[in-house]
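In what follows, a structure is listed as structure tokens, so that the remarks can point back to it.
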Amino acid sequence: MMRQWISLLGLLALSGVAMAADAVGATEKQATNWHAIIMFCLFVAMTMGITYWAASRTKSTADFYTAGGGITGFQNGLAIAGDYMSAATLLGLTAMVFGQGYDGYIYMMAFFAGWPVILFLMAERLRNLGKFTFSDITAYRLDQGKVRTMAAISSLTVVCFYLIAQMVGAGQLIKLLFGLDYNIAIFAVGILMMVYVTFGGMVATTWVQIIKACMLLSGGTLVMILAMSQFDFSFSKLMDNAMSVHKLGDKLMYPGGLLKDPVTAISLGLGLMFGTAGLPHILMRFFTVTDAKEARKSVLYASGFVAYFFNVIFLMGLSAIIIVGQNPEFFEGGDIGKKLIGGGNMVAMHLAKAVGGDMLLGFLAAVAFATILAVVSGLALAGASAISHDLYARVIMKGQASEASEIRVSKFATIVLGAIAIVLGILFETQNVAFMVGLAFGVAAAANFPVLILSMYWKGLTTRGALFGGYSGLVSAVLFVVLSKSVWVDVLHNAAPIFPYTQPALFAMPIAFLMAWIFSKSDSSVRASAEIEAFEDQYVRAQTGYGAAAASNH
Amino acid sequence: MSSAMYERMRGNPKFGELVAKRGRFAWTLAIIVLAMFYGFVMVVAFNPLSLGQPVAEGSRLTVGVAVELFMFIFFWVLTAVYVRRANTEFDALTQQIVQEAWKENK
């Protein structure tokens, strides 16, 4: 069966995969991969069981949005790691190390370095001030209606772009790994996501993420150990071999073309670091734990898992240079140096096949599918809560909505978001969606993060300042990306980009901070001085956690 | 009710102590991480060749890999150090502040 699959793979002319941080390019449909499908069905059966159990525990809004605040630090750490490490982390970064060597490792550092900073400066304040969404914090002492509307708009922008990138990536990947039709794959992901979130809320979403994180960590570790055993677990031996066969040769371990100019390097660093601290689905995870103590522990565990797994991926990518890169079986027409079967993103999968056979390949493919499901579920929940908690309950109903109606709206919002995700996933099938992840991180870093951090740290922030800061960050991040090479040239096919850099953070973040500062400082309204005065109480609560939302009882 | 509680907590000298101690500690650690990370980014941007050198003659371990591996471990150790101190010393202090404010309330 598997022989057949591989030889069929060989026959299919596969289009190259445009590699970028989070997206997979167009791919050809493969023969049905039964190992992967059976293992994935086991995963779905298990998570459906959990969703059924979770549904009986999801009664209040607190249950729905934050699992009643009863998740432990360790569980949440795993769930955050599960939320943060998407399929692209596994496939994209392995491929990046395989192709570019050291550059991939630099990327991983940029993805990781935000976590300690989030812990030191944000985690406990987030938990002490927030309840369901991060706009609970930004709107704490500011105008509820206006600030929440803004936060909801930028959250939904982030969620939508991230969701499109994930859906298109998912469709391509599933077509490739499972041999399912693209549209069927999109529907499967969208519908499963709706079921998890509408029935199981945050409880089910959290457990999907935890299970997936365990699968990812164990699967990756197993592949890495099996691969390293071929080099007697010696890094020197691995490097000797890798450098002697890689096209970069001795330059394999030098920083290369990915970060060629300082502006791009710094802007990318800023965007990944502070974008992480502004992603609504990540921030939301901080409200699921009992108290600030557990919030801190979650970051400790999450960053430990992320750091560990990045190093596993680095070793996987390096050993793949020899194990996959020197094996004609994995190249089109058996020609080493030509295109990899299935495109660049298949490196991790080929490595699994090479070191562990069909079973391990099937397992890793199921992990990749599970990973996508976990990430889109987290995104959908974050988007739904921006609609139901911020827009419906607080802005439209002005805090007068009943819990039952708020939950109803959030479930309805999840279904609408799922439907939108399916439609957009199908519409964008052939588009290069690589820029959308950059855009999501850019908007998170430039619109969400500045307002959030200022509202926690700067007494002088007023509603007017927050609105100007947030909206200018949102608009400038989107504009910079649209005018950059990744959209203006690659998508809209213009000759030259108007904005010379592909990373918006270095430019959009200062704009947001500056606008927030100018329009707060110049705000002399009565309302502004009341808001500034209210900072004192907020400050004591942020520091002590007194008055913070408590875990609900079960 | 809350506002009066907050007022009393703010008036407690221990609150000042907590804020000063924890603030200093958190910012010191954050600045270490930011300085090392952006210092590293600067080296990547301005002196990439230095990162490709082996750490010792004939070694296959390069400076860049060694530095990054060190940062992965060191940053994580810093988070552990912070969590340990915050979850014991700072949380104990916080509890005292809240309890003392409650007592005054009665």
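What's the total number of residues in the range B:23-42 that are within 26 Å of A:G317 (Cβ to Cβ) and either more than 9 Å from every other protein chain (Cβ to nearest Cβ) or touching a residue at least 12 places away in the same chain (Cβ under 8 Å) (or both)?
The qualifying residues number 5.
Being in contact with a helix residue (DSSP H, G or I) (Cβ under 6 Å, 6 or more places away or on another chain), crowded, with 24+ Cβ neighbours inside 10 Å, aromatic (F, W, Y) and without any contact (Cβ under 8 Å) to a residue 60 or more places away in the chain narrows it down to one residue among A:F134, A:F120, A:F64, A:F112; which is it?
Answer to the selection: A:F120.
Residue by residue, here is whether (1) among the β-branched types (V, I, T); (2) without any contact (Cβ under 8 Å) to a residue 12 or more places away in the chain holds:
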position: A:I387; (1), (2): yes, no
position: A:A393; (1), (2): no, no
position: A:I396; (1), (2): yes, yes
position: A:Q400; (1), (2): no, yes
position: A:I420; (1), (2): yes, no
position: A:E429; (1), (2): no, no
position: A:G438; (1), (2): no, no
position: A:F449; (1), (2): no, no
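Sort out which residues of the range A:392-418 are modelled with pLDDT of 90 or more and either within 20 Å of the chain's Cα centre (by Cα) or over 19 Å from A:A380 (Cα atoms) (or both), and write them in order of number.
A:T414, A:L417, A:G418
Which one of B:A4, B:A101 is loosely packed, with under 13 Cβ neighbours inside 10 Å and more than 14 Å from the chain's Cα centre (by Cα)? Show your work before the answer.
Details: B:A101 fails: loosely packed, with under 13 Cβ neighbours inside 10 Å.
Answer to the check: B:A4.
Out of B:E57, B:E89, B:E7, report the one residue that is more than 7 Å from chain A (Cβ to nearest Cβ) and not in a helix (DSSP H, G or I). Spell out how you get there, then give the answer.
Details: B:E89 fails: not in a helix (DSSP H, G or I); B:E7 fails: not in a helix (DSSP H, G or I).
Result: B:E57 is the single residue among B:E57, B:E89, B:E7 that is more than 7 Å from chain A (Cβ to nearest Cβ) and not in a helix (DSSP H, G or I).
For (1) in contact with a Gly (Cβ under 9 Å, 6 or more places away or on another chain); (2) closer than 17 Å to A:A123 by Cβ; (3) in a helix (DSSP H, G or I); (4) among the aromatic types (F, W, Y), each residue gets a yes or a no:
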{"site": "B:L18", "(1), (2), (3), (4)": "no, yes, yes, no"}
{"site": "B:R24", "(1), (2), (3), (4)": "no, no, yes, no"}
{"site": "B:L34", "(1), (2), (3), (4)": "no, yes, yes, no"}
{"site": "B:M42", "(1), (2), (3), (4)": "no, no, yes, no"}
{"site": "B:S50", "(1), (2), (3), (4)": "yes, no, yes, no"}
{"site": "B:E68", "(1), (2), (3), (4)": "no, no, yes, no"}
{"site": "B:A80", "(1), (2), (3), (4)": "yes, yes, yes, no"}
{"site": "B:E100", "(1), (2), (3), (4)": "no, no, yes, no"}
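Here's the yes/no breakdown for (1) under 26 Å from A:Y457 (Cβ atoms); (2) within 14 Å of chain B (Cβ to nearest Cβ):
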position	(1), (2)
A:F480	yes, no
A:Y501	no, yes
A:P504	yes, no
A:A508	yes, no
A:A512	yes, no
A:M515	yes, no
A:D523	yes, no
A:E533	yes, yes
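For the range A:528-538, how many residues meet the condition of being loosely packed, with under 14 Cβ neighbours inside 10 Å and in contact with a Ser or Thr (Cβ under 9 Å, 6 or more places away or on another chain)?
So the answer is 1.
Which condition breaks for A:K237 when tested against (1) more than 22 Å from the chain's Cα centre (by Cα); (2) within 30 Å of A:A550 (Cβ to Cβ); (3) basic (K, R)?
Evaluating A:K237 over (1) more than 22 Å from the chain's Cα centre (by Cα); (2) within 30 Å of A:A550 (Cβ to Cβ); (3) basic (K, R) leaves (2) as the failure.
Somewhere in the range A:193-200, is a residue over 19 Å from A:L417 (Cα atoms) and out of contact with any strand residue (DSSP E or B) (no Cβ under 7 Å at 6 or more places or on another chain)?
Going through the range A:193-200, the residues over 19 Å from A:L417 (Cα atoms) turn out to be none.
Looking through the range A:193-200, none of the residues is over 19 Å from A:L417 (Cα atoms) and out of contact with any strand residue (DSSP E or B) (no Cβ under 7 Å at 6 or more places or on another chain).
Only one of these is more than 30 Å from A:K293 (Cα to Cα) and either at pLDDT 75 or above or in a loop (DSSP other than H, G, I, E, B) (or both): A:F74, A:F40, A:F64. Name it.
A:F40
Kindly evaluate A:Y107 against the criterion of being within 19 Å of the chain's Cα centre (by Cα) and surrounded by fewer than 24 Cβ atoms within 10 Å (Cβ to Cβ).
Judged against the criteria, A:Y107 is a match.
Would the range A:253-267 turn up any residue that is without any contact (Cβ under 8 Å) to a residue 60 or more places away in the chain, small (G, A, S), part of a helix (DSSP H, G or I) and at positive phi?
For the range A:253-267, residues without any contact (Cβ under 8 Å) to a residue 60 or more places away in the chain, small (G, A, S), part of a helix (DSSP H, G or I) and at positive phi: absent.
Anything in the range A:86-104 that is surrounded by fewer than 24 Cβ atoms within 10 Å (Cβ to Cβ) and at the interface with chain B (Cβ under 10 Å from one of its Cβ atoms)? List them, or say none.
Hit for the range A:86-104 is A:D103, nothing else.
Could you grab me the full set of residues in the range B:60-83 that are more than 9 Å from every other protein chain (Cβ to nearest Cβ), of a type outside the set (A, V, I, L, M) and under 15 Å from the mean Cα position of the chain (by Cα)?
B:F74 - this is the single residue of the range B:60-83 that is more than 9 Å from every other protein chain (Cβ to nearest Cβ), of a type outside the set (A, V, I, L, M) and under 15 Å from the mean Cα position of the chain (by Cα).
Being without any contact (Cβ under 8 Å) to a residue 40 or more places away in the chain and within 9 Å of chain A (Cβ to nearest Cβ) narrows it down to one of B:A20, B:A45, so name that one.
Details: B:A20 fails: within 9 Å of chain A (Cβ to nearest Cβ).
Result: B:A45 is the single residue among B:A20, B:A45 that is without any contact (Cβ under 8 Å) to a residue 40 or more places away in the chain and within 9 Å of chain A (Cβ to nearest Cβ).
The values are calculated or read from the model by the stated rules, or taken from the named source; none is laboratory data. Here the structure is a predicted model, which means the values were calculated and not measured. Backbone-built Cβ (ideal geometry, glycine too); neighbour counts: all protein chains shown.
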